[in-house]
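Some notes on the structure that comes next.
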Ligand SMILES: NC(=O)c1ccc[n+]([C@@H]2O[C@H](COP(=O)([O-])OP(=O)(O)OC[C@H]3O[C@@H](n4cnc5c(N)ncnc54)[C@H](OP(=O)(O)O)[C@@H]3O)[C@@H](O)[C@H]2O)c1
């Protein structure tokens with residue numbers, strides 16, 4: 001068959017790519033609100049006209065296909081552009097493949113095939129068995145980019161890790177005396193709060209807890225909501241997924257008077273503890289409502305691996321797998337994440353000031369790499385400026 005004049009390398013038509021791009025844009029509005037579900041968008045098109053559209057808006061709510069079908073009176077004969085393969089299993093909602101079949105759509109165009117074991121091609125198979133034409137892989141790179149965190153969790157059982165740091169123009173995250181408040185200005189720090197609001201958890205390590213006594217909450221007017229009935233603060237984009245503050249500690253424990261411990265009864269606070277920490281010490285934190293979890297290994301890199309598997313499972317104290325973990329430092333913790341090969345995305349905020357001195361730390365501490373060939377390649381994804389500060393976002 002001749003390729004469409006403006007087809008991509010895989011022969012997908014320019015129209016299919018255009019409508020899928022619209023569905024991907026819609027899907028992106030669910031980011032931060034639907035996890036651990038994937039953000040999904042759907043556009044229904046007949047005779048080159050959009051007749052319905054929708055996206056998955058909140059965890060447990062209707063899927064994108066159902067939202068789009070309820071947005072149009074009659075979808076018979078239409079083409080459905082869906083960013084992720086329609087599901088074929090009963091989860092919190094009935095199978096979307098069945099809804100599309102019942103609506104009488106003629107074609108289903110999919111960007112990414114869902115690797116989730118209860119779907120994994122089953123939705124496509126069911127649609128084809130019903131006589132519907134199905135094309136996959138349209139705008140696949142953009143689809144995989146949007147779904148990167150979901151795909152990592154389904155494939156590895158671990159959340160997507162966003163490393164965030166603020167550094168001087170000469171690459172230091174603190175002075176040689178440990179002072180780091182504030183390297184960047186208020187506008188850049190606001191962007192950090194927005195990033196926190198879309199994450200499941202923020203991780204820091206003991207060095208930073210001692211140096212900075214941080215609160216690690218989202219301090220934006222639209223997210224500082226009234227407390228919920230059970231007294232917890234809902235400081236995230238999703239009410240069903242309040243932001244968790246996560247402290248990594250191999251030996252030292254946070255002071256019981258620290259801001260994190262003192263506010264643990266209002267804002268979920270969990271501790272990932274090394275095996276050397278005694279049960280008695282963990283119990284003291286538990287008395288202050290800090291959830292504690294002890295790693296079997298004291299090796300910093302293995303602690304990262306084990307803790308990510310725990311966070312990405314339904315066995316964590318929230319009972320719901322985490323999809324996005326934001327790591328705010330300090331440098332030793334970030335060095336451990338890098339050594340574990342677990343930094344998926346970097347948000348580097350860079351300020352127009354220099355610090356200097358060989359004792360002032362850089363963002364990634366030990367162990368580091370010996371050869372440049374061993375560096376994990378990251379791709380620039382976005383650049384923003386905040387007055388005199390910039391943010392560079394790089395992704396795997
Ligand atoms: N500009 C920024 O964006 C930014 C952000 C955060 C922090 N900072 C600054 O960075 C400095 C703190 O950084 P840091 O490198 O000294 O401290 P850190 O990474 O916060 O904590 C280091 C300590 O954590 C423990 N540790 C290291 N790896 C671990 C792992 N994988 N699991 C569990 N525990 C682990 C070790 O203590 P034990 O082995 O003794 O337990 C280590 O001494 C402060 O000055 C702070 O202000 C700057």
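Quick note: the coordinates plus some simple rules give every number you see, no bench work behind them. Values in this document were obtained by computation on a predicted structure and should not be read as measured data. Glycine also receives a Cβ, built like all others from the backbone with ideal geometry; neighbour counts cover every protein chain displayed.
Let me check against my output: what whole-number percent is the relative contact order of the range 29-92, with C-alpha pairs under 8 Å and at least 6 apart? Before the final figure, lay out each step's value.
Details: 119 pairs, mean separation 20.9, N = 64.
Once normalised by length, the contact order is 33 percent.
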Discussion item. Report, to one decimal in Å, the Kirkwood hydrodynamic radius for the range 288-396 based on all distinct Cα pairs.
Written reply: 16.2
Item to complete: Using only alpha carbon pairs under 8 Å that are at least six residues apart, calculate the relative contact order of the range 106-205 and give it in whole percent.
Response: 19
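Report the extension gain between residue 262 and residue 211 in nm, rounded to one decimal, defined as 0.36 nm multiplied by the number of residues separating them, less their alpha carbon distance. Walk me through the numbers before you get to the answer.
On the way: separation 51, 0.36 × 51 = 18.36 nm, distance 1.66 nm.
Extra length from residue 262 to residue 211 when fully extended: 16.7 nm.
When ranked by the protection proxy of mean other Cβ atoms within 10 Å per residue, highest first, what sequence do the peptides 171-184, 35-48 form? Could the numbers behind the result be given before it?
Numbers: 171-184: 17.4, 35-48: 22.8.
Ranked by mean Cβ neighbours within 10 Å, highest first: 35-48, 171-184.
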Practice prompt. Once you've got the GNM for the chain with C-alpha springs shorter than 10 Å, pick whichever of 63, 90, 347 has the biggest mean-square fluctuation.
Written response: 90
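Relative contact order for the chain: what is it in percent, counting Cα pairs under 8 Å that are at least 6 residues apart? Could you put the intermediate results ahead of the total?
Details: 867 pairs, mean separation 60.2, N = 396.
Once divided by the residue count of the chain, the mean separation gives 15 percent.
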Worksheet item: Against the longest principal axis of the chain, how steep is helix 300-311, in degrees 0 to 90 to the nearest 10, with axes from Cα atoms?
Response: 50
Worksheet, complete the sentence: Note to self, the chain gives a 222 nm [θ] from helices alone (DSSP H runs n ≥ 4, -39500 (n - 2.57) apiece, / all residues, nearest 500) of -7500 deg cm²/dmol
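Could you give the Stokes-Einstein D for the range 229-368 in µm² per second, using the C-alpha Kirkwood radius, 10 °C, 1.306 mPa s? Spell out each step's value before the answer.
Working: Rh = 16.5 Å.
It comes out at roughly 96 µm²/s.
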Worksheet item: Angle between the Cα long axis of helix 186-197 and the longest principal axis of the chain, 0 to 90 degrees, nearest 10?
Response: 60
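Under the √(5λ) rule applied to the eigenvalues of the Cα gyration tensor, what semi-axes describe the equivalent ellipsoid of the range 14-150? Give them in Å, descending. Write out the running numbers ahead of the final one.
Details: eigenvalues 72, 53, 43 Å².
Largest first, the range 14-150 gives 19, 16, 15 Å.
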Discussion item. Between residue 89 and residue 371, how high is the FRET efficiency from 1/(1 + (r/R0)^6) when r is the Cβ-Cβ distance and R₀ = 51 Å? Nearest 0.05.
Written reply: 0.65
Discussion item. Looking only at the chain, where both bridge partners belong to it, what percent of the DSSP beta bridges are antiparallel (to the nearest 5)?
Written reply: 40
Item to complete: With the convex hull built on the Cα atoms of the range 111-208, state its orientation-averaged projected area in nm².
Response: 9.7
Worksheet item: Hey, how many Å between the Cα centroid of the range 1-74 and the Cα centroid of the range 357-396?
Response: 34
Discussion item. What are the equivalent ellipsoid semi-axes of the range 236-312, built from the alpha-carbon gyration tensor (square roots of five times its eigenvalues), in whole angstrom, biggest first?
Written reply: 20, 17, 9
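Please give the per residue volume of the convex hull enclosing the alpha carbon atoms of the range 37-111, rounded to a whole number of Å³. Numbers along the way, then the final one.
On the way: hull volume 5.6 nm³, N = 75.
In the range 37-111, the Cα hull volume divided by residue count equals 74 Å³.
For the chain, would you read off the P(r) tail past 40 Å as a percentage of all alpha carbon pairs?
Of all Cα-Cα pairs in the chain, 23 percent lie more than 40 Å apart.
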